[in-house]
Each structure stands twice: as structure tokens, then as C-alpha cells.
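> Below is one structure. I have some questions about it.
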Amino acid sequence: MQVKNPKFEISAVSPKQYPAGDLPEIVLVGKSNVGKSSFINTMLNRKNLARTSNTPGKTRQINFYNIDNLFYFVDLPGYGYSKMSKEEKVISGKFIEEYLEKRKNIYLIILVLDIRHKPTADDLLMYDYILKTNLPFIVLTNKADKIAITKVDAAVEEVKKYLGISYTKILPFSAERKIYLDEVWKEIENRIN
Ligand SMILES: Nc1nc2c(ncn2[C@@H]2O[C@H](COP(=O)(O)OP(=O)(O)O)[C@@H](O)[C@H]2O)c(=O)[nH]1
Ligand SMILES: [Mg+2]
């Protein structure tokens, strides 16, 4: 897909601020720091459209990026950041659930995991939650540049084993090295077309 003019549209702190209309939404879900914002930048070939950081994400914001008026990338608050207070964890969870429960135009959820680690307890909770929503989803194992290229397939299989699934699409990704983008674009295009 040739993206021409992606735009940041809004940081919503309440459902009233979600964009009007019914464009398809492709939603990024994952723990803080796993690379959700980097994923958006890499897919769009922009350096800083989505803000990335090494510090805890904003727990109350849902960022909407309008992609050529064809669809939105939706960057949900990260969960499970070790330095978040208990209260912040509850708040980010509430924002994630509110969006996933109420929004009618979710075309695909992209759950982002770290290819180097087994899914955390929070990842597994999120995964179960996504299964219960019955929404279409894929799993990305990001930061594939951190392991040898010859070990990527096995690492993906390992994560798959922890999730206990055989039918879900699970793909490697590297926002850093900008590799494995084509497969993900294919998934997105299949959903929105
Ligand atoms: N090595 C490597 N680092 C990455 C990758 N994706 C993201 N990062 C880094 O991980 C940190 C968190 O990324 P960010 O996109 O802000 O994560 P978010 O909290 O999920 O939005 C940043 O320092 C990124 O540069 C990747 O594929 N490989
Ligand atoms: Mg982010």
C-alpha cells in the first residue's frame, strides 16, 4: 500500500472524542515499550508521526492516526509498565476496555509482543481478553532485530506455544530495522478492502 498523507488526528481521553464517521480502525495493543508507536512510524515510513519513548506511556490517551482517509491506526495506552502505579495500571486497563467494548468499527487488532521474551502475565490476560471480544486479530512479535535472523522462526514458534494457539496469524516484525512489513500490510489490506 502506498500511503500518501498520514495525519495525527486526536489524542482522545474520552469516547466522545473518538473520530466521527465509520472508517475502519486498525488497533495496536501491547505493553508499554514493546514498540506500538514505532510500528506505526515504520509502517508509514515517518520518523516521528507517532511519539515513541523509553518512559511510561500516557495512560489516558488513545491516539488516532488518519491514513489517507482510508483507515485509522489507533494507538492504545500500553499496559503493564513496571514503573506504573497500581492506579495507573487500572486506569490504562479501563481506557483499553472502554475502547474495545464500545467501538463498532474495529477491523483488526494487532497485539504486539516482544520476540525475545515469553508473554508476560499481562500479555496473556490481554490475549484472553481479545479472544473474548471475537474481533479479528493478529499477533506481531516485534524487535526481531534483537535476535539472529536464523533464530526468528523458532522464536515465533516459541511465543506461539506460550499462547497455546495454532490458528492465529503470528508474524515477526522489526520496527527498528523496518523488516517484515509486507506481510502485515497484506493483513491490513485484506481487512479494509
Ligand atoms: N531494537 C528495537 N527497538 C525497538 C523496536 N521497536 C521499538 N523499539 C524501541 O523500543 C522503545 C519503545 O518503543 P515505542 O514505540 O515507544 O513503544 P510503545 O510504548 O509500545 O509505543 C523505543 O526506544 C524504540 O526505539 C524494534 O523493532 N527493535
Ligand atoms: Mg507508544
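> Which of the three applies to the chain, rounded, prolate or oblate, going by the alpha-carbon gyration tensor with a ≥ b ≥ c and a/c under 1.5 meaning rounded? Walk me through the numbers before you get to the answer.
On the way: a/c = 1.39, a/b = 1.14, b/c = 1.22.
Taking the square roots of the gyration eigenvalues as a ≥ b ≥ c, the chain is rounded.
> Rounded, prolate or oblate for region 1-114? Axes are the square roots of the Cα gyration tensor eigenvalues, ordered a ≥ b ≥ c, and the cut-off for rounded is a/c under 1.5.
Details: a/c = 1.93, a/b = 1.28, b/c = 1.50.
Oblate, since a/c reaches 1.5 and b/c is not below a/b.
> Going by how many other Cβ atoms sit within 10 Å of their own, how do T120, T141 line up, fewest first?
T120, T141
> Now for a different question. Taking the number of other C-beta atoms within 10 Å as the exposure measure, put V159, V90, V29 in order starting with the fewest.
Working: V159 22, V90 12, V29 26.
Taking fewest neighbouring Cβ atoms as first place, the list is V90, V159, V29.
> Pop the C-beta distance of K7 and N45 into the FRET formula with R0 = 22 Å and round what comes out to the nearest 0.05.
On the way: r = 14 Å, r/R0 = 0.65.
The calculated FRET efficiency here is 0.95.
> Of the listed peptides 38-44, 126-132, 68-74, 11-17, what is their order by residue-averaged count of other C-beta atoms within 10 Å, with the highest listed first?
On the way: 38-44: 22.1, 126-132: 15.7, 68-74: 19.1, 11-17: 12.4.
Those peptides, ordered most packed to least, come out 38-44, 68-74, 126-132, 11-17.
> Could you give the nm distance between label points at E176 and Q61, where each point is 7 Å from its Cα heading toward the beta carbon?
2.5
Each value in this text was obtained by applying a stated rule to the coordinates, not by laboratory testing. Worth saying up front: this structure is predicted, and the values here are computed from it rather than measured. Every residue, glycine among them, receives a Cβ derived from its backbone with ideal geometry; neighbour counts consider all protein chains shown.
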